[in-house]
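A short write-up of the structure that comes next.
The values are calculated or read from the model by the stated rules, or taken from the named source; none is laboratory data. Predicted model only: the values in this text are computed from it and were never measured. Cβ sites come from the backbone with ideal geometry, for glycine too, and all protein chains shown count toward neighbours. Remember, those area values only see protein heavy atoms, side chains included, never the ligands or the DNA or RNA. Shrake-Rupley method; radii C 1.70, N 1.55, O 1.52, S 1.80 Å.
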Amino acid sequence: MRTRPQLVAFGLKHNPFSPEVPIEALSASAAVEHFCWRVGNMAVEGGFALVTGDPGTGKSVTLRLLQRRLQALRDVQVATLTHPRSRLSDFYRELGDLFGAAIASSNRYGGFKTLRAKWLAHIDTTLVRPVLLIDEAQQMYPDVLSELRVLTSTDFDSRAILTVVLVGDDRLTEMLRTPELLPLGTRIRARLQLDHRKPDELQAMLERRLEHCGNSSLVDPIVVRTLAEHAAGNPRVLMTAANELLDAATAREQATLDEKLYLEVFGASVSRRSSATAAAAKAGRR
């Protein structure tokens, strides 16, 4: 782990390439901003929202931004499920912990009634639904997802008493198309598909991180662009590569991440990738 004195030596308030950067340093696309706005509105009526995307495309960042937006709304209670791979009994126990309801594992129907009473009381008092965020939702068991659908709806499925945001990779999308989960899949009110980013977007993302870390000149502009172009459209790949350069600069006691350092660290791999790309393009033209 990089020490605080090492960060200070670079003029950094924090590591700009770490997943733990302050939320102010995170970038939100127009699509993410719109999705967060929609979920904020859903807190009034409840229902299900869905975020999907390949690993590293920004699902966790979206959740952090969404959580901050929701917590800023008056009377909105936000809870996060931390163990999606639970069976029904543990699932009910965690919901009880999250929403302050005493639930006995031997009485699932009692837990069902208790949770619904909690949520209905909150709605009667505040006129808004509690919000449940579930990351890695592709790991949930189908029977648990089905139970969640039934648990959160009343009046013959005409009224939602909880707002649920499911976040996962494309396996979650496939799950929601199965006959068992199709009733849930057809109830998704807001969707966000996170795709691979263009180099310009990745460059802007990296520049924002550098600006907020306290040293916008830490990375040479040529290296910023090169990193963005060789990240395969994936923000996590971008930050991992930049962090590897920072490690190399720390070891060399070098103040900036310049082109020479980039070539020393990635030159061979970049050359191989470029050759493979050219060969694939040539084969495609045949």
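Residues that are among the aliphatic types (A, V, I, L, M), closer than 19 Å to Asn15 by Cα and free of Cβ contacts under 8 Å to residues at least 24 places away in the same chain: which helices (runs of 4 or more DSSP H) entirely in the range 165-232 hold 1 or more of them?
Details: elements: 170-175, 182-185, 199-213, 221-229.
Ranges flagged: 221-229.
Select from the range 117-138 the residues that are under 17 Å from Ala49 (Cα atoms), open to solvent by 10 Å² or more (accessible area, probe 1.4 Å) and not in a loop (DSSP other than H, G, I, E, B) and list them in ascending order.
Within the range 117-138, just Gln138 meets the criteria.
Could you give me the residue pairs with C-beta distances under 8 Å whose first residue belongs to the range 239-254 and is farther than 13 Å from Arg209 by Cβ, whose second residue is of a type in the set (Asp, Glu) and surrounded by fewer than 16 Cβ atoms within 10 Å (Cβ to Cβ) wherever it lies, and which are 6+ apart or on separate chains?
Ala248/Glu264
Return the total of residues in the range 217-226 being open to solvent by less than 10 Å² (accessible area, probe 1.4 Å) and over 10 Å from Glu259 (Cα atoms).
1
Run Ser106 past the list (1) open to solvent by 20 Å² or more (accessible area, probe 1.4 Å); (2) assigned to a helix (DSSP H, G or I) and report the number of the one that doesn't hold.
If we test Ser106 against (1) open to solvent by 20 Å² or more (accessible area, probe 1.4 Å); (2) assigned to a helix (DSSP H, G or I), just (2) comes out false.
Condition test on Ala241, is it assigned to a helix (DSSP H, G or I) and in contact with a His (Cβ under 8 Å, 6 or more places away or on another chain)? Please lay out each step first, then the result.
Details: assigned to a helix (DSSP H, G or I): yes; in contact with a His (Cβ under 8 Å, 6 or more places away or on another chain): yes.
Yes, satisfied.
Considering only the range 43-81, how many residues are touching a Cys at 6+ places or on another chain (Cβ under 7 Å) and either in a loop (DSSP other than H, G, I, E, B) or open to solvent by less than 40 Å² (accessible area, probe 1.4 Å) (or both)? Lay out the reasoning, then the answer.
Within the range 43-81, the subset touching a Cys at 6+ places or on another chain (Cβ under 7 Å) is 65-66, 69.
Within this subset, residues satisfying the condition of being either in a loop (DSSP other than H, G, I, E, B) or open to solvent by less than 40 Å² (accessible area, probe 1.4 Å) (or both) are 65-66.
Here the count works out to 2.
Within the range 150-164, how many residues turn out to be surrounded by fewer than 18 Cβ atoms within 10 Å (Cβ to Cβ), part of a helix (DSSP H, G or I) and touching a residue at least 24 places away in the same chain (Cβ under 8 Å)?
Step one: of the range 150-164, the residues surrounded by fewer than 18 Cβ atoms within 10 Å (Cβ to Cβ) are 150, 154-159.
This time we only want the ones that are part of a helix (DSSP H, G or I), so: 150.
Pick out the ones that are also touching a residue at least 24 places away in the same chain (Cβ under 8 Å) and you get none.
Going through the range 150-164 one residue at a time, the tally reaches 0.
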